[in-house]
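Take a look at the structure set out below.
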Amino acid sequence: MIKTAVIGFGLSARVFHLPFIASSTQFELTGISTSQSDAAQCWPDVRIFPDAESMIQNTDASLIVITAPNRAHFSLAKTALLAGKDVLVEKPLAVTASEAIELQKLAQQQKRKLAVFHNRRFDDDFLAMRQLVQSGVLGEVQLMYSRFDRFRPTVQPRWKESTEPGNGVLYDLAPHLLDQTITLFGAPDAITASCQSLRNHDGAACGIDTFQLRLDYAAKPAVPADTTAGSARPATPARQVLLSSSPYCAHPAPRFELHGNGGSFVSYRLDPQEQILRDALQQYPATPTAVFQSAAWQQRAHGRQGEFWRATGAEPIPFVASDYAGFYQQLALFLGDKGPAPVPLAEAILGLELIELALQSSREQRTIALPAPT
């Protein structure tokens, strides 16, 4: 088993990591670093460390999972890698792309594994949509809308909403939307963005709480297999992807819309896994893995479906129950040199580069072309 220690005991650790680590047959939870007194009550058989530094230096774990605030991701990951640990970092991997690249190089130098947690690759609606794209039933996909809205008109007193670099929805929600887009279509050719703090009018300063990102993909010709470009590549059409988030959306707007010359796909509402895990945290605070035996978890796919539209009408696309445990299953294979990383580091770094370009685009009010791949 992979001995694992977790830095942090906030919502991310308690909802997305600790229950899955503890319920896995491939991982053994041996340490948590936190100053919160209730950690020992929830995990009586796990060693509790007062701070991250002491845990990294003294734990017997080979894997360190970092769920600290974004600003600490780089320094903690660097410390853990230098201590000879494998590292999993909550998204974003770092606050800047240059920091992420430095971590990537350090992991290679130390001969350790570095991974980043993008759990939304395991959402039921995204998995169904990805399968439709791969099946070709949508034809040539040329337009995609992806939204991650919330109704939070009032600024909340928490670090994620502060004005500190690396906070706000551009580093909280945009990484999910960008990662899903990169998984489907790769790197865009240009980005145009509007990134705003719309809730500042009430006197409570906050980070960016609203964004609209347009990713442009130029049409590309087919590349035959016998060229110096390497493997064959089919022709792709011009494509546009529109990503957005707002704190003022109280109605159930479409989560995904995907339009191709063979039809359209649309889905509403988020995968329920996060909400079920959050509710269980309130109901069973001292038994964190009880959620997996609950009726809500067992029935999480009930009624979940999207719609595939043609000119003749719509047909339902039932969703299969998804499971964030799939991320940890892939991670175990990666750590054991039996499979690729759940999320390629190059794609996580590209996501950070797109966030930085989005900030520049919004600031300069112009479209920015991405550098040509080398």
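The values are calculated or read from the model by the stated rules, or taken from the named source; none is laboratory data. The model shown is predicted, which means the values in this text are computed figures rather than measured ones. Please note: Cβ atoms are built from the backbone with ideal geometry, for glycine as well, and neighbour counts cover all protein chains shown. Calculation scope for accessible area: heavy atoms of the full protein, side chains included, ligands and nucleic acids excluded. Shrake-Rupley method; radii C 1.70, N 1.55, O 1.52, S 1.80 Å.
Okay, here's what the table says:
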{"read-out": "Qualifying residue in segment 274-287 (condition: farther than 30 Å from Tyr145 by Cβ, open to solvent by less than 30 Å² (accessible area, probe 1.4 Å) and touching a Phe, Trp or Tyr at 6+ places or on another chain (Cβ under 9 Å))", "value": "yes"}
{"read-out": "Subset of segment 74-86 that is of a type in the set (Gly, Ala, Ser) and assigned to a helix (DSSP H, G or I) - its residue that is nearest to Asn58 (Cα to Cα)", "value": "Ala80"}
{"read-out": "Subset tally (residues that are open to solvent by 20 Å² or more (accessible area, probe 1.4 Å) and without any contact (Cβ under 8 Å) to a residue 40 or more places away in the chain) for segment 67-81", "value": "5"}
{"read-out": "Matching residues, segment 288-300, being open to solvent by 50 Å² or more (accessible area, probe 1.4 Å) and part of a loop (DSSP other than H, G, I, E, B)", "value": "Gln299"}
{"read-out": "Every pair of residues 6+ apart whose Cβ atoms lie under 9 Å, when the first sits in segment 219-235 and is on the phi > 0 side of the Ramachandran plot while the second is assigned to a strand (DSSP E or B) and modelled with pLDDT of 65 or more", "value": "Gly230/Val223"}
{"read-out": "Matching option when the condition is open to solvent by 20 Å² or more (accessible area, probe 1.4 Å) and either more than 21 Å from Phe117 (Cβ to Cβ) or modelled with pLDDT of 95 or more (or both), among Pro175, Pro157, Pro188", "value": "Pro157"}
{"read-out": "Residue list for segment 325-349, filter: open to solvent by 50 Å² or more (accessible area, probe 1.4 Å) and either assigned to a loop (DSSP other than H, G, I, E, B) or free of Cβ contacts under 8 Å to residues at least 12 places away in the same chain (or both)", "value": "Leu333, Asp337, Lys338, Pro340, Pro344, Ala346"}
{"read-out": "Residue check, Trp309 modelled with pLDDT of 95 or more, of a type in the set (Phe, Trp, Tyr) and open to solvent by 30 Å² or more (accessible area, probe 1.4 Å)", "value": "yes"}
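Here's the yes/no breakdown for (1) open to solvent by less than 30 Å² (accessible area, probe 1.4 Å); (2) in contact with a strand residue (DSSP E or B) (Cβ under 7 Å, 6 or more places away or on another chain):
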| position | (1), (2) |
| --- | --- |
| Thr96 | no, no |
| His118 | yes, no |
| Arg121 | yes, no |
| Glu140 | no, yes |
| Met144 | yes, yes |
| Asp149 | no, yes |
| Asn167 | yes, no |
| Thr181 | yes, yes |
